[in-house]
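Below is a structure I'd like to ask you about.
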Amino acid sequence: MGRRRRLVDPAAEAGAGALPKVIAALSRSLPAGPSPEIFRRAKFDRPEAAPALWQLLFRLLSPRSADGASASLALEAQVCLVKSALRSQGYPRLVLAQLPEDGSRGSRELLLALSWLLARGPLPEQLLAQAHVQLGDEIPVCECEALASPGPRVPHVEAEGPVDIRCVQWLMGRLRFRWRCLIASQQEQCTLLSKIHLYTRGCHSDQRLGHLSVAETEMLRDPEGGQQLLRRLERENTGLEAALEWRRGELVFWRWMDTVLGACPPEAPAAATQPTFLPRIAERGLGRLELAARELRALQEELCEATGRRRAAWEARVGGQGRGPQWSSARQALQKAVEQELAALRWAWEQDRGPARPHGPHRLVRCEDEAPGGQHLRAAEVIQALRSQEACLEAALRRLQGQCRQELARLAGALPGLIWILPPRC
């Protein structure tokens, strides 16, 4: 009697064959990514896979300092930094914090932490944006969160004793001085860019640009720098191809991660409530959306009640007031602030009604004539938007400063014999 053949699911067999390629693509898209064999050993919690994953997480959580002095840190220091960064970002599993500081164990937990980072957002795309090679002179025109530089939260430090006001004034003076130095350096950079664009006018092969950028000028001045730039572009293209391949086979990786999560022993009661690593499921997303909607409705009701109580208290406190020079000046200042905010909202509404403006950096191009339509932005439009935002921020700052002065005056009046001297205007 012949042996019976084992039935194999063709889809599962195809997924198992594609898994090494997907993991290899993920490794190529990560900085100093480990080999697929490290991922396989980490599934079985092999200790020899832990150091490579600790170093990978360290580079992912500190991308800007990984190429500097922090790259030469000992493994123990990297382990501490990774634990602190994951805890500050809200990593839910407590098993990671219990791993030894020498980085000798916990490869499976590190693989779960890496998958958690991948599920939170487009990690390969963020790495590509950080390592993007700029050939033109670019400038950001939006303040979206994607342009913010990632980094650990700044810890709150309590003062050991009373703080001298002179120390605070000295720190404020240093801050103003550094702001002025930064603005002066940016103005100098803009002047140099304008000179380069003016002197190289007509040298570019693309007639829409008309002039060279700083990087292109440096390539002409130093051919060896051009070779280095070419190698950087090749590395960026390799990372882009790897990220595209990873996106095409991402579902295979998440199915494999479900088996890795299933292999974890239930070490704590909270481990059973951990979310699965499939990041986008319609049913779960609908349930969370309904829960968020209920919480928002409850919060709206509480806010309406609190607003009504505060309005009634304000009307009772104001009473017959509403006349006099102080009330008139305060009303005029409030009316001016409201008009500025309304103008900013109208400008934003007009911008939203038009064609959608692209986010991200724009290339600086010196144009003597009118810029063509499409995705181009004129400097005057950006300056107008920035001035409108500046006016709104200044109005909000003056309003907050007035509230702080009133509160300080109230506190100073509660202490007999205390003389309150307003700080000098800067």
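Which whole-Hz ³J(HN,Hα) couplings does the range 167-179 yield from phi under the Karplus relation 6.51 cos²θ - 1.76 cosθ + 1.60, θ = phi - 60°, glycine and proline marked x?
These are the phi-based 3J(HN,Hα) values: 5, 5, 5, 5, 5, 5, x, 4, 5, 5, 5, 5, 5 Hz.
Beta carbons within 10 angstrom, averaged per residue: use that to sort the peptides 18-27, 31-40, 334-343, 177-186, highest first.
Top of the packing list down: 18-27, 31-40, 334-343, 177-186.
Got a number for the accessible area of Ser104? Probe 1.4 Å, square angstrom, nearest 10.
50 Å²
How large is Rg over Rh for the range 167-233, taking Rg from the Cα atoms and Rh as the Kirkwood inverse mean of 1/r across Cα pairs?
Result: Rg/Rh = 1.24.
Quick one: compute a quarter of the convex hull surface over the Cα atoms of the range 196-248 and quote it in nm².
Projected over every direction and averaged, the Cα hull of the range 196-248 covers 4.8 nm².
Sorting check: for 124-130, 49-55, 299-305, which peptide has the highest mean count of neighbouring beta carbons within 10 Å, and how do the rest follow?
Result, highest mean Cβ count within 10 Å first: 49-55, 124-130, 299-305.
Next up: Check Glu138: other-chain or 5+ apart residues with amide H under 5 Å from its amide H, H built from backbone geometry?
Leu364
Still on this structure, please answer the following. If we sort 376-388, 73-85 on the protection proxy, mean other Cβ atoms within 10 Å, highest first, what's the order?
73-85, 376-388
If you don't mind, there's one more thing I want to ask. Once phi is turned into ³J(HN,Hα) by the Karplus curve 6.51 cos²θ - 1.76 cosθ + 1.60 with θ = phi - 60°, what whole-Hz value does each residue of the range 26-40 show in order, with x for glycine and proline?
Once rounded to whole Hz, the list reads 4, 5, 5, 7, 9, x, 6, x, x, 6, x, 5, 5, 5, 5.
Could you bin all the Cα-Cα distances of the range 22-129 into 5 Å bins starting at 0 and give me the percent of pairs in each, rounded to whole numbers?
With a bin width of 5 Å, the distribution comes to 2, 13, 24, 27, 22, 11, 1.
The values are calculated or read from the model by the stated rules, or taken from the named source; none is laboratory data. Predicted model, so just to flag it, every value in this text is computed and none were measured. FYI the Cβ positions are ideal-geometry reconstructions off the backbone, even for glycines, and counts take in every protein chain you see. For the accessible areas, the whole protein counts, side chains as well, though only heavy atoms, and no ligand, DNA or RNA atoms are used. Shrake-Rupley method; radii C 1.70, N 1.55, O 1.52, S 1.80 Å.
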